[in-house]
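The structure appears right after this line, and notes come after that.
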Number of protein chains: 2
Amino acid sequence: MTQATGAAVEAPSHVVQVGLLGMGVVGAGVARVLTERAAAVSSHTGGAVRLHKVLVRDAAKARGVALPEGTVTTQSASVLDDPAISVIIELMGGDEPAHSYIRRALAAGKHVITANKEVIARHGPDLMALAREHGVVLRYEAAVGGGIPLIVPFHESLPANEIASVRAIINGTTNYILTRMSREGLDLAEALASAQELGYAEADPTNDIEGIDAAYKLSILASLAFHTRVAPDAVYREGITKLTARDFRYAAELGYAIKLLAIGKRNGGSIEARVHPAFVPLDRILAKVDGVFNAVEVEGDLTGEVMFYGRGAGERPTTSAVVADVIELVRAISSGVAGREQPPLRSDMPVLPMEAVRTRYYVRMTVTDKPGVLAGIAGVLGEAHISIASVVQKEVDERAGTAEIVLMTHLAQEAGMRSALAGLASVPGVGEIGSMVRVEG
Amino acid sequence: MTQATGAAVEAPSHVVQVGLLGMGVVGAGVARVLTERAAAVSSHTGGAVRLHKVLVRDAAKARGVALPEGTVTTQSASVLDDPAISVIIELMGGDEPAHSYIRRALAAGKHVITANKEVIARHGPDLMALAREHGVVLRYEAAVGGGIPLIVPFHESLPANEIASVRAIINGTTNYILTRMSREGLDLAEALASAQELGYAEADPTNDIEGIDAAYKLSILASLAFHTRVAPDAVYREGITKLTARDFRYAAELGYAIKLLAIGKRNGGSIEARVHPAFVPLDRILAKVDGVFNAVEVEGDLTGEVMFYGRGAGERPTTSAVVADVIELVRAISSGVAGREQPPLRSDMPVLPMEAVRTRYYVRMTVTDKPGVLAGIAGVLGEAHISIASVVQKEVDERAGTAEIVLMTHLAQEAGMRSALAGLASVPGVGEIGSMVRVEG
């Protein structure tokens, strides 16, 4: 941060001692910024931040951050039970022991900042209640969307709105994979291998490609948007593994991109919460969010559509969000108001079962290239009250005597669609149902 | 706002009396939301908001908002000098008398919320100083970007970052016009007429199409990003009036969109601050921001590129931003910290003269279709130290014996480009210089 030219830096009125749990890539980044930009942090907050203790697994490991002798420890109690520490930054990740450490810190009257999406998605409302009880604050800007400002704008910029929906691309790994599949006609395996080579996907990519990571983040976003608890297990989840290069080609021909969307929607007195691949019309800005970038589109009744876009992961973006939380917290501590401002969730709305959700559908299937097959398909769909918007015959395999057809439906209920897909299997001439993708927006 | 199911609404600890200046479209929207969503506002803030007085020009005019007898007045003193009022919301627009009213309110120890870009751009730093002096707050979320959260994220989400640049599409009228020109091949006059018909452009469109509105907003954004004062008069400004339908076609062929950009950039110890049409590469998300939508892209050294997108104007989006300011302010008043948190600008950087800015350039010109003309052009550019990246001959007018050529340069200094353009006029065979557009990003 550029130092003020000629502006006097006031002596900090408060020195806040911080304990850091975890010194991985992001932990080291946060330690570095707090150390190297101490003057800037201080000018923003009117207080000073000192890294007092850092919990690591291996004390001998070099991390490229110069810390005073005695700062690093492998004993969690030396951090959590140190009465000098008033703020804990948790950057270990995973549910346990991170969750227990956060509980213990809050119960001891320490403020907590975390980037842990799993803990916040699973235990956020309970931890908030615990924080309120002890007059302290729990902040988690980095837990959703990495460096994209989301929590603060939701709380402070959109409070006058009734939020109708949130549609988000919140997993950079899958968005990178889908972008490569779309642009280069790659299959999933090829695009995934390339993402792994570049360090965008892990050796075991399950959490990303099955939508587990996105479901945690949606759980947090939905709570923010609708002021109600949406447990991660209540989020309907479908990964990207069934998509093929052909689906992207057909989507483009029909005027759509395919994105893994995390969708939260107000639907009467219920909430829709679902993560699945979706057809997004190409004229929507969300369809243009490519590569590792993330974006969260919010529809408010006053603002209309707003979108927040940026890098959802990575050392530096995540560090930016964690340090922003530190700065806001120290500002509140210096003003004597930390812990006074965390309203409880205001409502208690159920999550709508996926079977009751209504969307439009894209279905790709192989059929024998003979008259009458389409009539059979239309009959099954009609019985399930699904009306067809268009059917297009794509590739014909003359040797096998089969053709691939692509079918778009009008709005239909998921339950009906599922029974129709089951029914199609027994229609003479219908071969493989290649894929079924919901259309959003 | 949906009322809490089962959650108790606490009795507000503070009742904040508000005076509203101006009851146009936005003023009526704000009055309506504050009245109709009083319970929601209260649940967010722990305080209650009462519209105590409203200053209007014509007391008889109906506005569709039910206000208690005696609320509406045509006398500014009845609002500004009422000791019961602690918050003034200024929605009159324009420099005077809005500016004087805001000064008077701040000096009387009243907090002020405004949507007035002109006043904030011209007098923001002075008004902030006045607010600090009197221990009150001046908030202006609606002054830039309408319903797009910007001020709060800048202050609270990005403080750990050194901001390298801000690139913004912050005038919906011109973005609508440019989108129509680009998509339908319309000329400016046709697109403007259509925008006027739809109510997106005013009868006198000067403020929009000459970039005056965008320059005010850039002045505010640059102050936020670089913590330095950028006076609106110091912003270089060029409107969209020289663009033709052909420029959009050529831009697309070269892989660019044309957008009216407001650009703030850190350049050594100086700031670039300029509003002009720009070629934006089609793979940038900013190039996809179409129609009346606005977007602000910020490049931070930690977050990387983030973008905020939404509706930059209109009754409801602007109301959303004003009410967000009201909620934050009442929250601060209830906590007893309002007025403690407004840091002064930290630096004092000059605005770089436009002549010293370096960009790439697109130039479209008519030449006689004869050998040697290009050599003359290349000679003039070479003398000005401008190297040519590409020259393409576009349309040939065989009867006139002329051809249109499009030239793209490498990075060059504005001063050199200007002298080259002047020099080209005297090159034999060079006719009209149709347009010169800077390339950004």
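Candidates are the residues of the range B:73-90 that are assigned to a helix (DSSP H, G or I) and among the small types (Gly, Ala, Ser); the one that is nearest to the chain's Cα centre (by Cα) is B:SER76. Restricting attention to the range B:133-161, the residues that are assigned to a helix (DSSP H, G or I) and more than 13 Å from every other protein chain (Cβ to nearest Cβ) total 2. Checking each residue in the range A:298-341 for being of a type in the set (S, T, N, Q), closer than 25 Å to A:ARG37 by Cα, buried (at least 24 other Cβ atoms within 10 Å of the Cβ) and within 7 Å of chain B (Cβ to nearest Cβ) picks out A:THR319, A:SER320. Checked against the criterion of being away from every other protein chain (no Cβ under 14 Å), in contact with a Phe, Trp or Tyr (Cβ under 7 Å, 6 or more places away or on another chain) and of a type in the set (A, V, I, L, M), the candidates A:ALA98, A:ALA105, A:ALA195 yield just one match: A:ALA195. In the range A:164-186, is there at least one residue being of a type in the set (Lys, Arg), within 29 Å of B:GLY145 (Cβ to Cβ) and away from chain B (no Cβ under 14 Å)? Checked against the condition, which is being of a type in the set (Lys, Arg), within 29 Å of B:GLY145 (Cβ to Cβ) and away from chain B (no Cβ under 14 Å), the range A:164-186 yields no hits at all. Figure legend. Inter-residue proximity from the range A:143-170: first residues on the phi < 0 side of the Ramachandran plot, second residues aromatic (Phe, Trp, Tyr), beta-carbon distance below 6 Å, spacing 6+ or different chains. Indicated pairs: A:ILE148/A:PHE308; A:LEU150/A:PHE308.
Taking (1) surrounded by 15 or more Cβ atoms within 10 Å (Cβ to Cβ); (2) of a type in the set (A, V, I, L, M, F, W, C); (3) in contact (Cβ under 8 Å) with a residue 40 or more places away in the chain in turn, B:VAL54 satisfies each apart from (3). So, in the range A:203-223, how many residues would count as being closer than 15 Å to A:ILE240 by Cβ and assigned to a loop (DSSP other than H, G, I, E, B)? Adding up the residues that qualify gives 3. Checked against the criterion of being within 22 Å of A:THR241 (Cα to Cα), touching a strand residue (DSSP E or B) at 6+ places or on another chain (Cβ under 8 Å) and not in a loop (DSSP other than H, G, I, E, B), the range A:367-384 has no qualifying residue. Among the residues of the range B:321-347, count how many are under 30 Å from A:PRO317 (Cα atoms), at pLDDT below 95 and in contact with a Gly (Cβ under 6 Å, 6 or more places away or on another chain). Result for the range B:321-347: 0.
Condition first: more than 41 Å from the chain's Cα centre (by Cα) and without any contact (Cβ under 8 Å) to a residue 12 or more places away in the chain. Now tell me which residues in the range A:368-395 satisfy that. Passing the criteria: A:PRO371, A:ALA375.
Do the conditions hold for B:ALA287, that is, is it without any contact (Cβ under 8 Å) to a residue 40 or more places away in the chain, part of a helix (DSSP H, G or I), at the interface with chain A (Cβ under 9 Å from one of its Cβ atoms) and among the aliphatic types (A, V, I, L, M)? Yes.
The values are calculated or read from the model by the stated rules, or taken from the named source; none is laboratory data. Because the structure is a prediction, the values reported are computed rather than measured. In this analysis, Cβ positions are derived from the backbone assuming ideal geometry, glycine residues included, and neighbour counts consider all displayed protein chains.
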